[in-house]
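One structure is given below, encoded as structure tokens.
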């Protein structure tokens with residue numbers, strides 16, 4: 001009888017344990033609700049912290065209009081002439097991989113009503129029109145083959161074709177589309193919001209991007225900042241409060257669906273947005289063609305155009321009059337952003353036929369070659385207590401802070417050092433070659449480090465045995481005569 005009771009107690013304990021486990025699983029899989037309190041429970045994916053460098057591409061009818069600017073070509077005619085005859089998703093993905101990108105993907109929807117995926121809602125898509133190819137689908141397949149994460153970006157502002165599955169009204173685009181048109185933000189037309197929602201969820205359901213980034217139209221706060229109506233999330237007195245944005249209910253509805261669909265599939269995803277378009281804690285902030293001043297408490301991203309902004313409009317699309325930025329410039333930006341808890345998404349604009357220029361290929365390979373040597377000081381690193389030392393820092397912060405011709409980008413020197421860390425290793429990346437000796441003040445043992453904290457010091461990419469001295473004031477390292485690479489130079493400091 002006692003044995004039976006023990007058996008019953010054992011079975012009861014097992015059942016209770018299984019019930020508790022099931023309860024925990026249920027809690028862990030609790031669905032996100034379409035409100036900010038619930039959506040703030042979304043956590044940044046564990047893999048996202050290690051993502052420091054990605055590539056995306058603005059490819060659309062805009063560059064065809066640029067190509068035929070002297071003919072006054074309209075958007076519809078540009079779509080008809082956008083053949084993309086040399087597009088090869090495998091070649092694109094190979095190029096991204098050779099550049100050292102950890103994540104990559106297409107601009108999926110940019111301003112016009114054209115969608116760069118195979119849509120069942122509207123015939124204004126790149127399978128039915130233009131290049132006759134599923135840009136998003138082919139790139140998703142090839143990028144994932146190379147073990148990179150897949151990002152889709154949405155810069156939407158117009159709806160063409162059938163509004164939605166429920167609303168068969170067909171919206172014809174005008175031949176001369178205003179590229180700043182924000183017609184779906186018409187607050188008297190809720191059917192247009194539904195049209196937007198169905199398009200973006202069609203894309204995210206079908207291609208399951210690991211990362212989704214939405215441009216300014218999603219929340220509209222960039223416009224209030226640019227027009228001097230708000231600062232730091234504070235509406236200024238006496239200022240007009242006009243915000244061209246989606247309704248918050250629509251934002252919440254989309255995010256809940258995106259997070260829930262990923263959770264059901266056992267996937268981790270991240271949402272990236274501009275400025276104050278949604279409350280903090282729901283996703284990751286993005287800065288457009290600019291950077292941030294100082295070490296940031298929260299992870300962030302900057303999308304940086306590979307092309308200089310000399311000629312407008314649409315400088316993010318390929319324009320032969322906009323030269324590419326040089327590799328040293330881009331490497332220094334990547335290092336600076338990484339040290340500040342950020343990551344770079346580099347826009348590489350293809351030509352209308354779907355190929356990249358030789359200069360773009362050369363520069364991307366050069367970035368990749370630099371990362372092969374110094375990638376351990378970038379990939380999967382976390383910030384240190386100091387992001388850097390030296391005389392040079394960003395002077396203007398936020399969206400478009402670097403300005404036309406990148407006039408606001410700092411000119412870093414051999415005295416500017418940036419720090420990252422991984423495990424017990426500290427990395428000091430100096431942004432120009434310091435000749436015979438490198439002095440790292442932040443590593444002095446009267447600062448964050450203590451005497452005997454440092455076990456070894458080496459220069460990434462060099463086989464030379466380095467002479468070094470750890471003093472109260474600094475770590476002083478004698479450098480070899482030969483440089484290990486062309487751009488920034490990384491010391492690996494192993495700690496005891």
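Each value in this text was obtained by applying a stated rule to the coordinates, not by laboratory testing. Everything numeric here is computed off the predicted structure, so don't read it as measured data. Here Cβ is always computed from backbone atoms with ideal geometry, including for glycine, and neighbour counts include all displayed protein chains.
Using the 10 angstrom Cβ neighbour count as an exposure proxy, how do 188, 327 rank, fewest first?
Taking fewest neighbouring Cβ atoms as first place, the list is 188, 327.
Computed from label points 7 Å out along Cα-Cβ, the spacing between residue 382 and residue 400 is 3.7 nm. Evaluating kT/(6 pi eta Rh) at 20 °C and 1.002 mPa s, with the Kirkwood radius of the stretch 40-160 over Cα pairs in the Stokes-Einstein relation, gives 138 µm² s⁻¹. Once you keep just the Cα pairs under 8 angstrom separated by 6 or more residues, what percentage relative contact order results for the chain? Contact order relative to length: 15 percent. Spin-label model, residue 47 to residue 189: label points 7 Å out along the Cα-to-beta-carbon direction sit 3.9 nm apart.
With contacts taken as Cα pairs under 8 Å at a separation of at least 6 residues, the stretch 34-288 carries a relative contact order of 20 percent. All Cα-Cα separations within the stretch 34-288 were binned at 10 Å from zero, giving a P(r) of 7, 29, 36, 23, 5, 0, each value a whole percent of the pairs. Could you tell me whether the chain comes out rounded, prolate or oblate from its Cα gyration tensor? Rule is a ≥ b ≥ c as square roots of the eigenvalues, rounded for a/c under 1.5, then prolate if a/b exceeds b/c, otherwise oblate. Note, shape of the chain comes out oblate. Compared with the direct C-alpha span, the chain from residue 226 to residue 357 gains 43.8 nm at full extension, assuming 0.36 nm per residue. Centroid-to-centroid, using Cα positions, the stretch 95-123 and the stretch 50-66 are 8 Å apart.
The value of relative contact order for the stretch 312-392, using C-alpha pairs under 8 Å at least six residues apart, is 36 percent.
Taking only DSSP H segments of four or more residues, each worth -39500 (n - 2.57), what value at 222 nm results for the chain once the sum is divided by all its residues, to the nearest 500 deg cm²/dmol?
-8500 deg cm²/dmol
With a cut-off of 11 Å on the backbone N, no residue of the stretch 119-141 is near the modelled label site 7 Å out from residue 172 along Cα-Cβ.
Each of 462, 435 was scored by other Cβ atoms within 10 Å of its Cβ. Arranged with the fewest first, they read 435, 462.
Put in line by how crowded their Cβ is, counting other Cβ atoms within 10 Å and starting with the fewest, 385, 119 read 385, 119.
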